[in-house]
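Novice: Below are the structure tokens for one structure; questions will follow.
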Amino acid sequence: MSEARYRRLNGYLRSFFREYLQIQRGVSVNTIQSYRDTWCLLLRYGIEHKKMPRAEDWRVYQVDRQLILDFLIYLEDERRVCARTRNTRLAAIHAFLAYLRIFEPELESHCLRILSIPSKKTCRTIIGFLESDELLSVLQSISLQNPLGHRDLALLVFSYNTGARVHEIANACKNHIIPGTFPVIRILGKGGKERIVPLWESTIYLLEVYFRKYRVSPKAPAHSEYLFLSNRGQKLTRFQVGRIIT
């Protein structure tokens, strides 16, 4: 009988996140965070709903096909996640089991039973959009009576100008802007891919006003280079950017 089945799970998880994903694969920070969140949810589910031991005492064999199936049902029935989110969580679990299958060949049959769990079919959502007059109404509704209003206005125009995703806006830095007769900005996207996007005069103007008069002083040097800061002087998270946009 395989001894690997009875080894502690946390050692394999640590190696998966710190060595395999970061060093060997060079996976993006957002992907690592998503995988980490999934495993935190799974461990908490096992402890609270399956009476399993504390996370550091889990053994490999305890993460079996039935546990994962029950966890996926829990996500949909109790946490009310959509099929797309359910599939994202399953992908994070599959990624670890695929790694474990290579790292410990004697666990192949155990891993394959979980890897055989399929993703659910999802419907492709049609992306909505605003007409120019609707966008103008949104921009005019922003109150400029406080510094955050000027930040939100600059952020929304920047978003409309560049088409950047929320995490791209959160990670945009001042030194990514290349000034000149026709200023542009370097947008760093998924997988480290980079694209150059022209900036409108109105975008540059709103950013300059925000920087010069209304931008909160950075809480720490590490936050000083980011374009948009919270009212506490910290880098905005992608969730905060999402709330501003929506």
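The values are calculated or read from the model by the stated rules, or taken from the named source; none is laboratory data. It should be emphasised that the depicted structure is a prediction, and the values quoted were computed from it without experimental measurement. With ideal geometry, Cβ positions are generated from the backbone for all residues, glycine too; neighbour counts draw on all protein chains shown.
Novice: Given the residues Tyr6, Tyr12, Tyr45, which is the only one that is in contact with a strand residue (DSSP E or B) (Cβ under 8 Å, 6 or more places away or on another chain) and aromatic (Phe, Trp, Tyr)? Don't jump to the end; show me each part of the working.
Specialist: Numbers: Tyr12 fails: in contact with a strand residue (DSSP E or B) (Cβ under 8 Å, 6 or more places away or on another chain); Tyr45 fails: in contact with a strand residue (DSSP E or B) (Cβ under 8 Å, 6 or more places away or on another chain).
Exactly one residue qualifies, and that residue is Tyr6.
Novice: Next up: Does Ser143 qualify as being out of contact with any strand residue (DSSP E or B) (no Cβ under 7 Å at 6 or more places or on another chain), under 23 Å from Asn87 (Cα atoms) and either at pLDDT 80 or above or not assigned by TED's automatic domain parsing to the domain that holds Asp70 (or both)?
Specialist: Working: out of contact with any strand residue (DSSP E or B) (no Cβ under 7 Å at 6 or more places or on another chain): yes; under 23 Å from Asn87 (Cα atoms): no; either at pLDDT 80 or above or not assigned by TED's automatic domain parsing to the domain that holds Asp70 (or both): yes.
No.
Novice: Take the residues in segment 204-223 that are touching a residue at least 60 places away in the same chain (Cβ under 8 Å) and part of a helix (DSSP H, G or I); name whichever of them is surrounded by the fewest Cβ atoms within 10 Å (Cβ to Cβ). Break it down stepwise before answering.
Specialist: Residues of segment 204-223 touching a residue at least 60 places away in the same chain (Cβ under 8 Å): 210, 213-216.
Among the residues that remain, those that are also part of a helix (DSSP H, G or I) are: 210, 213-214.
On the way: Tyr210: 21, Lys213: 9, Tyr214: 16.
Here the residue is Lys213.
Novice: Cβ contacts < 8 Å: first residue within 10 Å of Phe182 (Cβ to Cβ), restricted to segment 192-203; second residue of a type in the set (Ser, Thr, Tyr), any location; separation 6+ or different chain. Result?
Specialist: Listed by first residue and then by second, the contacts come to Leu199/Thr162.
Novice: Filter segment 1-26 down to the residues that are in contact with a His (Cβ under 9 Å, 6 or more places away or on another chain) and loosely packed, with under 13 Cβ neighbours inside 10 Å and list them by number. Outline the logic, then answer.
Specialist: So the first thing to find is which residues in segment 1-26 are in contact with a His (Cβ under 9 Å, 6 or more places away or on another chain), and the list is 2, 4-5.
Scanning segment 1-26 gives no hits.
For (1) among the hydroxyl-bearing types (Ser, Thr, Tyr); (2) assigned to a helix (DSSP H, G or I); (3) more than 30 Å from Phe211 (Cα to Cα), each residue gets a yes or a no:
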position	(1), (2), (3)
Tyr61	yes, yes, yes
Thr88	yes, yes, yes
Phe96	no, yes, yes
His110	no, yes, yes
Ile117	no, no, yes
Ser143	yes, no, no
Gly149	no, yes, no
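Novice: Considering only segment 157-169, state which residues are closer than 14 Å to Arg243 by Cβ and over 20 Å from the mean Cα position of the chain (by Cα).
Specialist: Kept after step one, since they are closer than 14 Å to Arg243 by Cβ, are these residues of segment 157-169: 159, 166-167, 169.
Within segment 157-169, no residue meets the criteria.
Novice: When the residues of segment 73-99 are filtered to those that are among the basic types (Lys, Arg) and over 17 Å from the mean Cα position of the chain (by Cα), which remaining residue is surrounded by the fewest Cβ atoms within 10 Å (Cβ to Cβ)? Write out each step before concluding.
Specialist: Taking segment 73-99 first, the residues among the basic types (Lys, Arg) are 79-80, 84, 86, 89.
Next cut, over 17 Å from the mean Cα position of the chain (by Cα) only: 79-80.
Details: Arg79: 12, Arg80: 8.
Of everything passing the filter in segment 73-99, Arg80 is surrounded by the fewest Cβ atoms within 10 Å (Cβ to Cβ).
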